[in-house]
1. Could you tell me whether segment A:62-77 includes any residue that is on the phi < 0 side of the Ramachandran plot and away from DNA strand D (no atom under 15 Å from the Cβ)?
2. Scan segment A:86-106 residue by residue and report those that are within 8 Å of chain B (Cβ to nearest Cβ) and open to solvent by less than 10 Å² (accessible area, probe 1.4 Å).
3. Look at segment B:320-333 and say how many of its residues are open to solvent by 80 Å² or more (accessible area, probe 1.4 Å) and within 21 Å of B:Asp178 (Cβ to Cβ).
4. Identify all residues within segment B:107-117 that are surrounded by fewer than 19 Cβ atoms within 10 Å (Cβ to Cβ) and either within 10 Å of chain A (Cβ to nearest Cβ) or assigned to a strand (DSSP E or B) (or both); write none if there are none.
5. I'd like the full set of residues that are open to solvent by 50 Å² or more (accessible area, probe 1.4 Å), assigned to a loop (DSSP other than H, G, I, E, B) and more than 30 Å from B:Ile157 (Cβ to Cβ), limited to segment B:168-207.
6. Taking segment A:130-147 on its own, how many of its residues are under 18 Å from A:His205 (Cβ atoms), touching a helix residue (DSSP H, G or I) at 6+ places or on another chain (Cβ under 7 Å) and either free of Cβ contacts under 8 Å to residues at least 12 places away in the same chain or open to solvent by less than 50 Å² (accessible area, probe 1.4 Å) (or both)?
7. Among the numbered conditions (1) at the interface with another protein chain (Cβ under 9 Å from one of its Cβ atoms); (2) surrounded by 16 or more Cβ atoms within 10 Å (Cβ to Cβ), tell me where B:Glu125 comes up short.
8. Collect the residues in segment A:254-304 that are of a type in the set (D, E, K, R) and either surrounded by 24 or more Cβ atoms within 10 Å (Cβ to Cβ) or more than 12 Å from chain B (Cβ to nearest Cβ) (or both), keeping them in residue-number order.
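The values are calculated or read from the model by the stated rules, or taken from the named source; none is laboratory data. Computed from a predicted model, the values in this text were never measured in an experiment. Every residue, glycine as well, gets a Cβ built from its backbone with ideal geometry; the counts of neighbours run over all protein chains shown. Only protein heavy atoms, including side chains, enter the accessible area calculation; ligands, DNA and RNA are left aside. Shrake-Rupley method; radii C 1.70, N 1.55, O 1.52, S 1.80 Å.
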2 protein chains.
Amino acid sequence: MLKRLNKYSNILNMKKKTTIKDIANVLKITPSAVSRALHNHPRISDKTKEAVKKVAKELEYQPNQLASALRSGKSKLVGVIVPRTNSYFFSSVVENMEEELNKKGYNVIFTQSNESYDKECRNIETLLQTQVDGIIASLTNETVDFSHYEKIKAKEIPLILYDRGDNDIGVDYIGIDDYKSSHIVVDHMVAQGCKRIAHIAGYRHTRIYNNRIRGYIDALEKHNLPLEKELILEGDLTVEGGRQKMKELLKLPKRPDGVYAAGDYAALGALQVLLENNVKVPEEIALVGFSNEPFTSLVTPAISTIYQHNEEIGKLVAKQFLKREKDKTWKPKLNKIILDAELIVRASSKKKN
Amino acid sequence: MLKRLNKYSNILNMKKKTTIKDIANVLKITPSAVSRALHNHPRISDKTKEAVKKVAKELEYQPNQLASALRSGKSKLVGVIVPRTNSYFFSSVVENMEEELNKKGYNVIFTQSNESYDKECRNIETLLQTQVDGIIASLTNETVDFSHYEKIKAKEIPLILYDRGDNDIGVDYIGIDDYKSSHIVVDHMVAQGCKRIAHIAGYRHTRIYNNRIRGYIDALEKHNLPLEKELILEGDLTVEGGRQKMKELLKLPKRPDGVYAAGDYAALGALQVLLENNVKVPEEIALVGFSNEPFTSLVTPAISTIYQHNEEIGKLVAKQFLKREKDKTWKPKLNKIILDAELIVRASSKKKN
DNA sequence: ATTCTTTGTTCAAACGTTTGAACAAAAGGG
DNA sequence: CCCTTTTGTTCAAACGTTTGAACAAAGAAT
């Protein structure tokens, strides 16, 4: 539309993109001077700096990150691997991560592993090919072999894990204390008067779910509650999974009076089954979930759940990356930052006021 | 741990990264031959190709995308702008987009505008700096000025809009027919016996919400239902927003017998208020939402809603990009692909069986 | 006035790949 | 057997930036 004609318009229209060279030509100086001027190199006079910046703006100069990255070896790109995005937890973590990294001039390349080990491997492959300056990842539930992460370490770029990590990878990790979270949940349920607490658990081979199971078991013991095998039901933590497990629990000769689900979706499935069977929640059976997915506060009765400080995790991960990126001498080693989770008590587990 | 010693181990350990040059040195050929061999250039003999690929694997060669991108002018990166990720609609769109693009060797750089016009501008800036091969975007609710999109068009890289677009930008657009969707909703509600249908609407200045309002109005007319000003309530479509608007509706001397909310969160808020006031849903007031957020099927009663073919939109957007990317001669022009939305009827609007 | 520093800039190489053109050798055609 | 075509490879430049080293000019110190 408005084709502003200025004294450089010929250059503007001819060349596709303005480069540092074009600026140099206009000012009759060398590209190196221009580069230095744009980076505020101390040895460049204020006069040239100003002139360069003015022309740069007029020519609508946009630095070519690719060229810069190639030469300097820094792409200013951070690769992020997310198991899945259609989970509130992950999307809010990523959101905050991105924000923090953007502030420092990094862009985020974002890939989904979709809980598939193969995809995770390919993700790493492509991220490395794209010459990212670092990788931030959360393992899929399937992942038990970590050799592909060695590649990242071999490249000597920062690797930060969050939420789902593993000690064996031996790098920075940020997440919550799942073991302790289970304690918090059980403590609360006991305080509400529960005597038989069931656990709809995730698969034990996933570290975080295993920790939740261990925490649950130890917490029961702490309260001198008997541990009953049939009250621990491992499975995938989908709504359907939760429904199945809840049905099994209702069939027991002696029903539990509290259910702790290791995931909100499973908790929701359980709640549906409870309501369908006219079981009063929380009076007859109290219910607690895990993750604070938005719907937990929206259903009736609202589901008590564990809040994992999504935002903080995202920010901390970003900060940890920036720290590692700065310190060239850092050699990766296991370094866990564990946040205490927070129980959000809602109607589904409030037997007493 | 296991440091496999092979005949190239010296090279492996010395150099940080294997380049095309290293392969060339090993085989006593030139880098260009290696490059061509890796790309299956017809002029390279099968013998050399094999040899090159073998050595490449042994040296754990990883192409440097940056260098390749710089030389060839193709970064194999697609920039995606999402208004927000913590919405099921967007995350499933993005998920499918990514999958489709990955198949064709493209990586996705992903940025969130967080519904902020400023952020959107900065997003575009950084994506262009990163030399993406194209941009896929959905406008924020704030966006009414489109000059920043001209920059993308000026670079002559494909620009595809989805869900929230604008005719004035004059490019490819993929989304659903909001106007028609409202018709579908109203038709359904009328069929269920509703005579006074209220509309909890989004702000009219957003194209899609305006279209939903227009569709609602015209559909009422079609069914010879009187249009009543107080039954259209514009607002932000949050849970809280929905609650407010529903409360207002309940205060009316003559209550509606159906509520069509232009967003699921608002519908949920409305539902909460209805239940709190012991209004029977759908018997006294039927309820329909928009977007098919997961929770709509999870609450009781389940909320009827409009399903926007999230997966298909994601895939179509990706395909459209790939098409434009292939055809160098294409000049951007307005080209809309409109999908029919689908009403998912659930308990909240089923007055009749 | 001579030497030493500081200041402002240029030179040239480098990052790792791609690619048009050139070239030699082998194969095909008459 | 000479000429043309095909095949397989090399040469060298290019993509746009950054950066150590070099250098000239000006200012400071002696």
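1. Checking segment A:62-77: not a single residue is on the phi < 0 side of the Ramachandran plot and away from DNA strand D (no atom under 15 Å from the Cβ).
2. Matches in segment A:86-106: A:Ser91, A:Ser92, A:Val94, A:Glu98.
3. 0
4. B:Asn114
5. B:Lys195, B:Tyr203, B:Arg204, listed by residue number.
6. 3
7. B:Glu125 satisfies every listed condition except (2).
8. Of everything in segment A:254-304, those that are of a type in the set (D, E, K, R) and either surrounded by 24 or more Cβ atoms within 10 Å (Cβ to Cβ) or more than 12 Å from chain B (Cβ to nearest Cβ) (or both) turn out to be A:Lys254, A:Arg255, A:Asp257, A:Asp264, A:Lys280, A:Glu283, A:Glu284.
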